[in-house]
């Protein structure tokens, strides 16, 4: 489990086959789960200046691989007792989004991201979403896209500073929205809001 708070921006040393090697300050151990640009990956080797993770061909086929070069976001998995400051993130990428527009609003940036329409039901206004591993709040949802508002600090301290129109990003939608939709779609009887609240409380 992760929180969507980026702990470090690591430098990519190489991507050879299924092995992604990173230079990082974080002291990883073999077998650790670490979110790389939001994708939960396993540490398979530790080096003096970083570590390597397994990035299978299957993973590479569903991730925005254009961002697995130069620099990447990393977040080690939560440990018992850690502060919970973002939102519940599983590290399971649902979709690849495309940056449609970035508007500088003076004291913030409005970022519009397009996704396949089938993922829109899991993106909730004022709910949480993870973009390349960054926990963010959704401001508006449209037919095939959504809008985020990003403060200058986040823009400066994350890879958002590198994104442009047409850039692709890893998207993990809200876990609770996915679970509730999955349960509702398989229940024949009509659910009340109390039923939905009860289902959400179980997770």
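The values are calculated or read from the model by the stated rules, or taken from the named source; none is laboratory data. Here the structure is a predicted model, which is why all the values come from computation and not from measurement. Reconstructed Cβ throughout: ideal geometry from the backbone, glycine too, with neighbour counts over all protein chains shown.
Checked against (1) outside any loop (DSSP other than H, G, I, E, B); (2) surrounded by fewer than 17 Cβ atoms within 10 Å (Cβ to Cβ), residue 31 passes all but a single condition, namely (1).
Reported count of residues in the stretch 18-59, each being within 23 Å of residue 94 (Cα to Cα) and free of Cβ contacts under 8 Å to residues at least 12 places away in the same chain, is 1. For the stretch 70-84, indicate whether the set of residues that are at pLDDT 95 or above, in a loop (DSSP other than H, G, I, E, B), under 15 Å from residue 41 (Cα atoms) and out of contact with any helix residue (DSSP H, G or I) (no Cβ under 7 Å at 6 or more places or on another chain) is non-empty. Checked the stretch 70-84: no residue is at pLDDT 95 or above, in a loop (DSSP other than H, G, I, E, B), under 15 Å from residue 41 (Cα atoms) and out of contact with any helix residue (DSSP H, G or I) (no Cβ under 7 Å at 6 or more places or on another chain). Could you list, in sequence order, the residues of the stretch 135-166 that are more than 19 Å from residue 105 (Cβ to Cβ), assigned to a helix (DSSP H, G or I) and under 14 Å from the mean Cα position of the chain (by Cα)? Hit for the stretch 135-166 is 159, nothing else. Taking the criterion of being more than 21 Å from residue 168 (Cβ to Cβ) and surrounded by 16 or more Cβ atoms within 10 Å (Cβ to Cβ), the residues of the stretch 112-138 that qualify are 124, 127.
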